[in-house]
Amino acid sequence: MEPNMEHRAETGGPKKLHVASLVLAIIGIVFAVLLPIVAYPLLIVGLVLAVSRRKTQQTIPGLVLCIIGLVVAVVNSVLGALLFSGML
């Protein structure tokens, strides 16, 4: 198993986590506005990927966008719940 892990590190597998985090954040923000229940898993996974590779400067945009997306999703969920209950 060790040679396979070394090959993966040479080809840049784990190093591309910042790209995955950024893509999940962008898709998550879109769903945070449209359908927050879909956005939560996307944004949480993107946040975990960004935090796991926090050592590099490339993960900062994904981290910031995931946090913004989570805030938008929570606000959208709360507003939806208030509208549904008739309190707003």
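Residues in the stretch 46-63 that are in contact (Cβ under 8 Å) with a residue 12 or more places away in the chain and either exposed (fewer than 14 other Cβ atoms within 10 Å of the Cβ) or within 18 Å of K15 (Cβ to Cβ) (or both): G46, L49, A50, V51, S52, R53, T56, Q58, T59, P61, G62, L63.
Got a sec? Which helices (runs of 4 or more DSSP H) wholly within the chain have at least 3 residues that are modelled with pLDDT of 90 or more?
Values: elements: 2-11, 17-34, 36-52, 60-85.
Those helices (runs of 4 or more DSSP H) span 17-34, 36-52, 60-85.
The values are calculated or read from the model by the stated rules, or taken from the named source; none is laboratory data. These figures come from a predicted structure and were not determined experimentally. Positions of Cβ are generated from backbone atoms using ideal geometry, with glycine treated the same way; all protein chains shown enter the neighbour counts.
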